[in-house]
Amino acid sequence: MEITILPLPGESKKSGNMDESALGFGKIFTDRMLLVEWKSDRGWFDARIKPYEPFVLDPSCLVFHYAQEIFEGLKAYKWSDGTITLFRPEMNARRFNLSADRLCMPRIPEEFFVESIMQLVKMEKDWIPTAEGTSLYIRPAMI
């Protein structure tokens, strides 16, 4: 599946002068996010990396009525030579699909899961902190 890359508005990158001493879980967010749509008659489609923004959900969305939501958490690291790596993303993909099976939600191809997250992380490489003990936390979710 191809991933469409939508531009950031203007030159507004939030990561410009990130203070690694001020990092905190759930307080600072990257410039972009990855979204993929799914419909029973089409499967997965319309993959895109777009500027970070709030979700728009219909009030009748099943997540509000039946609490069908999955999330995973994985980390990206930047080595001293600039190499970017994810910690065992294939295991996250596998767990994600096990959760999808349990909730009768559609599985996502594991290879696409890993490749699309890696593409997003490469685009957001300036957000990966380098101080000892730090990482970029990624939270794939399905609702």
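Summary of values
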item	result
Qualifying residue in the range 43-55 (condition: at pLDDT below 90, under 18 Å from A141 (Cβ atoms), in a loop (DSSP other than H, G, I, E, B) and out of contact with any strand residue (DSSP E or B) (no Cβ under 6 Å at 6 or more places or on another chain))	yes
Subset of the range 23-74 [within 26 Å of P89 (Cβ to Cβ), of a type in the set (D, E, K, R) and open to solvent by 90 Å² or more (accessible area, probe 1.4 Å)]	K27, K39, R42
Residue satisfying condition, being of a type in the set (A, V, I, L, M, F, W, C), part of a loop (DSSP other than H, G, I, E, B) and over 17 Å from L35 (Cα atoms), within set A76, A131	A131
Filter result for N97 (modelled with pLDDT of 95 or more and either more than 18 Å from S40 (Cα to Cα) or in contact with a Pro (Cβ under 8 Å, 6 or more places away or on another chain) (or both))	no
Failed item, numbered, when Q119 is tested on (1) open to solvent by less than 30 Å² (accessible area, probe 1.4 Å); (2) within 21 Å of E2 (Cα to Cα)	(1)
Test for L98: is it open to solvent by less than 100 Å² (accessible area, probe 1.4 Å) and in contact with a Leu (Cβ under 7 Å, 6 or more places away or on another chain)	no
Subset of the range 75-87 (residues that are within 16 Å of the chain's Cα centre (by Cα), surrounded by 13 or more Cβ atoms within 10 Å (Cβ to Cβ) and in contact (Cβ under 8 Å) with a residue 12 or more places away in the chain)	K75, A76, Y77, I84, L86
Some residue of the range 126-138 being β-branched (V, I, T), within 30 Å of P9 (Cα to Cα), open to solvent by less than 70 Å² (accessible area, probe 1.4 Å) and without any contact (Cβ under 8 Å) to a residue 60 or more places away in the chain	yes
Filter result for F29 (part of a helix (DSSP H, G or I) and hydrophobic (A, V, I, L, M, F, W, C))	no
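The values are calculated or read from the model by the stated rules, or taken from the named source; none is laboratory data. Predicted model only: the values in this text are computed from it and were never measured. Every residue, glycine as well, gets a Cβ built from its backbone with ideal geometry; the counts of neighbours run over all protein chains shown. Quick note on the areas: whole protein, heavy atoms, side chains included, nothing else; ligands and nucleic acids left out. Shrake-Rupley method; radii C 1.70, N 1.55, O 1.52, S 1.80 Å.
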